[in-house]
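The structure appears below as structure tokens.
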Amino acid sequence: MRGWTADDIPGLSGRRAIVTGANSGIGYHTALQLARHGASVVLACRSAERGQAAFDRMRKAAPGADIALGALDLADLSSVRTFAARHGDGPLDVLVNNAGVMALPRRSTADGFEMQFGTNHLGHFALTGLLAPALRAASARVVTVTSGFAWSGRLDFDDLQGERRYRKWSAYAQAKLANLVFAKELDRRVPELTSVAAHPGFAATNLQQAGPKMQGNTFMDRAAGIGNALMAQSAAAGALPSLYAATADVEGGACYGPRLLQYRGAPVKVATPPQAGRPGLGERLWDVSETLTGVTFAPAPA
């Protein structure tokens, strides 16, 4: 039976969307397809150079697309605030919290957070909170990209920043579990929105090679590239769960990923780690995230 593809995306004319990390990988293909189907899309990118290259590439791929480039560094809360102030006017129909970093040597964000938790979770938490009025105005869809690594994740509230002990893959798994917990808790707390999670399975992007490059590990860099070439599905295929989550008829708080062992294939609703849906865990992460970022979700207008 034919699975869901980008051809099944409905017309999105008049809709406004923001995709973080849209300069490459699944973020690029998510933004491209939303734009191809009529949405007005902001490509939220950290690097001005790579963002402009993606913008130019998208212009050629979809000449009539309504796209704009926005500067956003999720590892710097001042950048998040500036971006939200600039792009938070008027209703916002779709927010795809896609950008992320993976298995890096320990680094700190501009605000002193561990880079993976700070970028993947806290940056997106703050962005979503600051854009909440615009999202509420459109009864929006919020998609937060997680990973299969969430299954091995644990939220260590005694050492969220990895100051006592840091292991790069454990930190990544923690950040991806946080993405999933946040998506579910957002759906519980803000009924005006539909919040869902998505994950790409094993998709060939530059994410797998970023860590080895930062460490100067040529062998692991090449190994990751070979692994992508031999085993991964394309970035375009990896974007399908995000696109399904953003545009199809979905269940709030659910997660969507590849149907074949959550590894590859057409997007479907997939199982999530049992701890991800525990309200107590979501409440605790929410409270900690508000404290760390200084961002609270303003209540809906009376």
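The values are calculated or read from the model by the stated rules, or taken from the named source; none is laboratory data. Since this is a predicted model, take the numbers as computed values, not measurements. Cβ placement follows ideal geometry from the backbone for every residue including glycine, while neighbour counts extend to all protein chains displayed. Just so you know, the surface numbers come from the protein's heavy atoms only, side chains and all, with ligands and any DNA or RNA stripped out. Shrake-Rupley method; radii C 1.70, N 1.55, O 1.52, S 1.80 Å.
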Looking only at helices (runs of 4 or more DSSP H) that lie completely in region 104-211, which have at least 2 residues being of a type in the set (F, W, Y), within 17 Å of the chain's Cα centre (by Cα) and modelled with pLDDT of 95 or more? 168-189
If I ask for residues that are of a type in the set (S, T, Y), within 19 Å of the chain's Cα centre (by Cα) and under 17 Å from A138 (Cα atoms), which ones from region 1-43 would you list? S40
Within region 89-103, how many residues are within 21 Å of Y166 (Cα to Cα) and either open to solvent by 10 Å² or more (accessible area, probe 1.4 Å) or touching a strand residue (DSSP E or B) at 6+ places or on another chain (Cβ under 9 Å) (or both)? 3
Among the listed residues R46, R86, which satisfies the condition of being under 28 Å from R136 (Cα atoms), in contact (Cβ under 8 Å) with a residue 24 or more places away in the chain and open to solvent by 40 Å² or more (accessible area, probe 1.4 Å)? R46
Report, by residue number, each residue of region 245-265 that is hydrophobic (A, V, I, L, M, F, W, C) and at pLDDT 95 or above. A245, A246, A248, V250, A254, C255
Only one of R284, R278 that is modelled with pLDDT under 95 and farther than 23 Å from Y28 by Cα: R278
Could you check region 3-38 and list, in sequence order, the residues that are touching a residue at least 40 places away in the same chain (Cβ under 8 Å) and assigned to a loop (DSSP other than H, G, I, E, B)? G3, W4, T5, I9, P10, L12, R15, G21, A22, S24, H37
Suppose the filter is closer than 20 Å to N179 by Cα, β-branched (V, I, T) and assigned to a loop (DSSP other than H, G, I, E, B); does V101 pass it? yes
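Yes/no per residue for (1) open to solvent by 60 Å² or more (accessible area, probe 1.4 Å); (2) closer than 17 Å to L193 by Cα:
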residue	(1), (2)
L285	no, no
E290	no, no
F297	no, yes
P301	yes, yes
Filter region 49-83 down to the residues that are of a type outside the set (A, V, I, L, M), farther than 19 Å from G129 by Cα and touching a strand residue (DSSP E or B) at 6+ places or on another chain (Cβ under 6 Å), then identify the one that is surrounded by the most Cβ atoms within 10 Å (Cβ to Cβ). G51
Restricting the search to region 135-151, which residues are open to solvent by 10 Å² or more (accessible area, probe 1.4 Å), closer than 15 Å to E251 by Cα and of a type outside the set (K, R)? S139
Test: residue in region 78-99 that is β-branched (V, I, T) and under 30 Å from R259 (Cβ atoms): yes
Pairs please, first residue from region 96-119 and closer than 16 Å to S78 by Cα, second anywhere and assigned to a loop (DSSP other than H, G, I, E, B) and β-branched (V, I, T), Cβ atoms under 7 Å, 6+ apart in sequence or on different chains. M115/V101; M115/T109; G118/T109; T119/V101; T119/T109
Scanning region 243-264 for residues that are open to solvent by 30 Å² or more (accessible area, probe 1.4 Å) and part of a helix (DSSP H, G or I) gives Y244
